[in-house]
1. Take the conditions surrounded by 17 or more Cβ atoms within 10 Å (Cβ to Cβ), among the β-branched types (Val, Ile, Thr) and within 16 Å of the ligand (Cβ to nearest atom) and apply them to Val382. Does it pass?
2. Taking segment 342-363 only, how many residues are out of contact with any Phe, Trp or Tyr (no Cβ under 7 Å at 6 or more places or on another chain) and either closer than 22 Å to Phe247 by Cβ or assigned to a strand (DSSP E or B) (or both)?
3. Kindly establish whether Glu238 is in contact (Cβ under 8 Å) with a residue 24 or more places away in the chain, more than 18 Å from the chain's Cα centre (by Cα) and in a helix (DSSP H, G or I).
4. Can you pull out every residue in segment 150-180 that is in contact with a Phe, Trp or Tyr (Cβ under 7 Å, 6 or more places away or on another chain) and not in a loop (DSSP other than H, G, I, E, B)?
5. If you check every pair at least six apart or on different chains, which have Cβ atoms under 6 Å apart with a residue in segment 270-293 that is in contact (Cβ under 8 Å) with a residue 12 or more places away in the chain first and a residue that is among the small types (Gly, Ala, Ser) and not in a loop (DSSP other than H, G, I, E, B) second?
6. Which condition number in (1) within 16 Å of the ligand (Cβ to nearest atom); (2) assigned to a loop (DSSP other than H, G, I, E, B); (3) among the polar types (S, T, N, Q) is the one that Asn248 fails?
7. Taking segment 74-119, which residues are part of a strand (DSSP E or B) and either over 24 Å from Phe249 (Cβ atoms) or out of contact with any Leu (no Cβ under 7 Å at 6 or more places or on another chain) (or both)?
8. Hey, does segment 218-234 have a residue that's assigned to a helix (DSSP H, G or I), away from the ligand (no atom under 16 Å from the Cβ) and either out of contact with any helix residue (DSSP H, G or I) (no Cβ under 7 Å at 6 or more places or on another chain) or over 21 Å from Ala322 (Cβ atoms) (or both)?
Amino acid sequence: MPAALRSRSGSRFSQSVRNICGFHRGAAYAFYDMKPVLSLIPIFICILLGTLQAQTRYVIADQDSAGPGGSDMRALMVFLQAPEVELLGITVVTGDGWRDEEMAHALRLLEILGRSDVRVYPGATHPLWRTREWTSLASRMYGKAAWLGAWREGSQDRSFDKLAPLKEGNPTTKPAEEDATHFMIRMVHAHPHQVTIYGAGPLTNIALAIELDPQFAELAQELVIMGGSIAPHTQEKEWVNTPRHEFNFWFDPEAASVVLRAPWHKITQTTIDISLQTRIDPEILDGVLASHSAAAEYLRKYVQRPVSGIGQFAWDELAAVAWLHPDIIRSERYVYVDVSTDHSSNYGDTLTWSDEDKPEIPLRKVHVQMDADLPKLREALVRLFAAPTPRAR
Ligand SMILES: [Ca+2]
């Protein structure tokens, strides 16, 4: 493991805690009879340091990081702006955009926030089974999807060294040489049962990790995903006639099904249903832009006001903030979830069951978020984005 990563993982910090505690315990015993109150101080210090250490939360952000300024980027910013979070790496997958352009947006964000110590790892460029060509043919039989992501008209797959100029400027830093899947596997083995896998794009990278390492899901602490749709109350054209359709699941249904059936300790799902309740409203933007933090300046430049269309919803950042502050979620359903892999009109649709109607195939129950405390979400986003970036260099 590289030295920088060892440092981030807290091993040096752990050693420091042990050294301090060991030294002071010895000293405390020596003076115990004479100064009983003073002897307790080192113990309090050890408890405090241990508590601080326990509060560090490890996460890998698996993301289709299109940019700049949108929900994909804002979710990464939530992790980067939270002092208690150790973002071990950003693993990138083709989804809203092509992988290499997405990696460039993520790298540029890290440069702007002074966090280029966080590495960006290249993941899958294509879904496991679905192809652009098959999707084009299927749309003639079953109807068009409202959002095609990387496959939208005019979008081109360009390798990292041949990218077109980015709005926010092209990064000077480069992605890691290690691929996303091996990085994720390496991290859950290095920090067993401590790493949250956050998946807010198509789930191709995470499915590949599961297929490559049967221990992967069990060794993670939990899985948090933004994906799926159950019964959203909306007139938005993407869901009004297709309430079970959601892009991340739809883009790679086979991957989503593999991921949802794996032996995670806990799966939490942010759906279209709850995301549509949210807004990146003027109150949030005014609150953030009153600050001149690096995050605020980035949003000032790259969030176009007024925010409208599907860009007005806090899709991925809701999943990230709710992981940090679970009390933002006011209600959830605990149901079995899978994704249709029938290569027909419902390919990629979200499937759910209760205990009463569940099929006999192995499935897992998922904490499906249904209602959010919007004032709490707004307060959390403003507080995070208005603050200086922790550990910025
Ligand atoms: Ca995303």
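1. Details: surrounded by 17 or more Cβ atoms within 10 Å (Cβ to Cβ): yes; among the β-branched types (Val, Ile, Thr): yes; within 16 Å of the ligand (Cβ to nearest atom): no.
No: the conditions fail for Val382.
2. Adding up the residues that qualify gives 7.
3. The answer is no for Glu238.
4. Answer for segment 150-180, where residues must be in contact with a Phe, Trp or Tyr (Cβ under 7 Å, 6 or more places away or on another chain) and not in a loop (DSSP other than H, G, I, E, B): Ala150, Ala180.
5. From residues that are in contact (Cβ under 8 Å) with a residue 12 or more places away in the chain, the pairs are Thr270/Ala319; Ile274/Ala372; Gln277/Ala372; Val288/Ala296; Val288/Ala386; Ser291/Ala386; Ser293/Ala386.
6. Single failed check for Asn248: (2).
7. The first filter runs over segment 74-119 and keeps only residues part of a strand (DSSP E or B), leaving 85-92.
Correct list: Val85, Glu86, Leu87, Leu88, Gly89, Thr91, Val92.
8. yes
Here, each number is a calculation from the coordinates, and none is a lab measurement. Just so you know, these numbers come straight off a predicted model, no measurement behind them. No Cβ is skipped: glycine too gets one built from the backbone with ideal geometry, and neighbour counts run over all protein chains shown.
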